[in-house]
1. Is there any pair with a first residue in segment 219-240 that is of a type in the set (Phe, Trp, Tyr) and a second that is part of a strand (DSSP E or B) whose Cβ atoms are under 8 Å apart and which are 6 or more apart or on different chains, and what are they?
2. Which of the numbered conditions does residue 334 fail, given that it passes all the others? Conditions: (1) touching a strand residue (DSSP E or B) at 6+ places or on another chain (Cβ under 7 Å); (2) farther than 27 Å from residue 4 by Cβ.
3. What are the residues in segment 6-65 that are charged (D, E, K, R) and in contact with a strand residue (DSSP E or B) (Cβ under 9 Å, 6 or more places away or on another chain), if any?
4. Mind listing whichever residues of segment 149-182 are among the hydrophobic types (A, V, I, L, M, F, W, C) and part of a helix (DSSP H, G or I)?
5. Considering only segment 183-199, state which residues are assigned to a loop (DSSP other than H, G, I, E, B) and either at pLDDT below 90 or in contact with a helix residue (DSSP H, G or I) (Cβ under 8 Å, 6 or more places away or on another chain) (or both).
6. The conditions are (1) of a type outside the set (Lys, Arg); (2) open to solvent by less than 40 Å² (accessible area, probe 1.4 Å); (3) at pLDDT below 90; (4) outside any loop (DSSP other than H, G, I, E, B), and residue 224 fails exactly one of them. Which is it?
7. Among the residues of segment 194-211, which ones are open to solvent by 40 Å² or more (accessible area, probe 1.4 Å), in contact (Cβ under 8 Å) with a residue 24 or more places away in the chain and farther than 18 Å from residue 367 by Cβ?
8. Quick one: in segment 35-63, which of the residues that are within 31 Å of the chain's Cα centre (by Cα) and either in a loop (DSSP other than H, G, I, E, B) or free of Cβ contacts under 8 Å to residues at least 12 places away in the same chain (or both) is surrounded by the fewest Cβ atoms within 10 Å (Cβ to Cβ)?
Amino acid sequence: MEIILIRAAQLILCLSLLVVLHEGGHFFFAKLFGIRVEKFYMFFNPKFHLFSTYSKWWRRLRGKKPLVKDENGNYPYDGTEYGIGWVPLGGYVKIAGMIDESMDVEQMNKPPQPWEFRTKPAWQRLLVMLGGVMVNFLVALFIYSMILFVWGEKYIPLKDMTMGFTFNKEAHALGFKDGDIPIATENETFRDFNTDVMRSISTAKQVTVLRNGSATTINMPENGLNLIEMFQSEKPFLSLYLPSVIDSVIADTPAQKAGLAKGDKITSFNGKPIETWSDYNAALANLSKRLEGATTNDSIRKRNVCITLLKANGTGDTVRLLLNSELRMGVVQASALNYYKPVTQHYSLLQSIPAGISHGIDVFSGYVSDLKYIFTKEGAKSVGSFGAIGSMFPTSWDWQRFWELTAFISIILAFMNVLPIPALDGGHAMFLLIEMIFRRKFSLKFQERAQTIGMLLLILLMIYAIGNDIFRFLL
C-alpha cells in the first residue's frame, strides 16, 4: 500500500504541474490578445469544487460582496475564476466564445463580443490553441537542462562493461554471442547502454560488437527489427550480463521467510538453470504466461516454486517458496552499479541549456519514432492510462527520477495534444489552419459535431487504456 501511495503522490504532483503549465499556455495567449478567460481550474470540478475565488467565504475574506448565480447557475463575469476541483486527473481553462469540453452552446448562440475567442483573427486563435503544447515542450527542455545542471549526467561507459551482454535466441540466430559488447552501428557509436541502443540496433544494417577484445561486424535484417518485440520477448534481445546474485532481501517477504540472504546466487528456477538476472526474469515471464486464465488454486500451485541457491558462504541449498500475485519473492536484484563504477559528466549553467535541449529533442524524436509500433498487436497491448504512467515512477521518492519522468510525460502531453483529433488542441489548430487557407470559418454546428465526435473518440481510447491497466493488474 505504501508503494502505491508513493507512486500515486508522484503521479498527481507531476500531472498537476504539467496541466497547470499547459493550461497556463492557453491562458497567457488568451490574455495577451484580450480574450476573456472565464475559468482556470486545476483538476476537474463536476458538481462542486474544493476552492474557488468566487466562493462566498473567500470573497468576504477579501472584502468583496458574494456573487449571485444567474438563472443558468453561472456567476456573472468578475474576472477569471480560479479554482481547484476534486477530480485530480487534469484541469482546464474556459475561454469565452469557444467550443470546448464545456460544450457551452448557449454562449455561442449569443451575438459575438469583441472579447471573445471567435471574434479574434485566425492567427491569434491559433496561438491560443497551441499555447499549451508550446509550454509543455519548453518545460520539458527546461527540466532536462536543470537536471544536467543540478545532478550532471551519470553513466557507465560501454567499454567498461567487461562482462558483456546476454542475448536471446533471435539475436543468436543473427550472429550475436553472449559476452558481446555492442559498441556501434553504421550510423553512430554508443557511449553507454540505454534505450537508444536498442532503438538504433532495431534499424541498423550492421552492428559492431567487441568480442574477446576484437571488433566484429554483424549484418542485420534488411527490414530491421520490431522494437516492441525486442523488449517484450520472453527474454529481451540483449541484456546486460548481471550474475543472479541477490543484492538484498526485503523484510516480511517469501524470500526472507525461506532464508534467502544478501550475496546468495540463484542457480535454478523450477529445475531450469539460471546464470543471470535476465535468465531469472525470462523464467518469470514464462510462468506469467502459464498463469493466464488460471484458477485461484491453480495459480497458487504454480506460484509455489523451487529455487536452488549457491549461498554466500559457498554451500548449496534448495528452497520452496510462494511467489506473490505479482510474481515477486522479495529480493532486490543486483544492478550494474554493483559491478561497474559510473562516471559523472558535470555541466555549468550555460553548458546545461544546449545539452538539455539536445537531449529533449532526442527523447522527442525517439518517442515519435516508436509510435509506429502502437498499430501492432503488441503495441496496442502496451497502451495504458494513469496506472501505466504511475508504474513508471520509482517505489521510493527520488527527485532526480521524478523530474526525468515529468519532463518525459510533458513531451508526451505536448505530442498527444497536437494530434489533429477534434477535441484536442491539434484538432482545433487543424481547423484554424484550414480556415486561414480557405478564408472561411466552419459553422457552429460543424464545430459542435466535431467536438462531440472527438470527445467520444477520446473517451473510447481512455476506456481501452484503462482496460489494459486493469488487465495487467489482474495478471
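1. Pairs found: 237/167.
2. Unmet condition: (2).
3. Filtering segment 6-65 for residues charged (D, E, K, R) gives 7, 23, 31, 36, 38-39, 47, 56, 59-60, 62, 64-65.
Scanning segment 6-65 gives 23, 31, 36, 38, 39.
4. So the first thing to find is which residues in segment 149-182 are among the hydrophobic types (A, V, I, L, M, F, W, C), and the list is 149-151, 156, 158, 161, 163, 165, 167, 171, 173-174, 176, 181.
Scanning segment 149-182 gives 149, 150, 151, 158, 171, 173, 174.
5. Within segment 183-199, the subset assigned to a loop (DSSP other than H, G, I, E, B) is 186-188, 190-191, 193-194.
Correct list: 187, 188, 190, 191, 193, 194.
6. It is condition (4) that residue 224 fails.
7. 210, 211
8. Among residues in segment 35-63 that are within 31 Å of the chain's Cα centre (by Cα) and either in a loop (DSSP other than H, G, I, E, B) or free of Cβ contacts under 8 Å to residues at least 12 places away in the same chain (or both), the one surrounded by the fewest Cβ atoms within 10 Å (Cβ to Cβ) is 47.
The values are calculated or read from the model by the stated rules, or taken from the named source; none is laboratory data. What you are looking at is a predicted structure, and each value in this text was computed from that prediction instead of being measured. Don't worry about glycine lacking a Cβ; one is built from the backbone with ideal geometry, like all the others, and counts go over all protein chains shown. All accessible areas refer to the heavy atoms of the entire protein, side chains included, with ligands and DNA or RNA removed. Shrake-Rupley method; radii C 1.70, N 1.55, O 1.52, S 1.80 Å.
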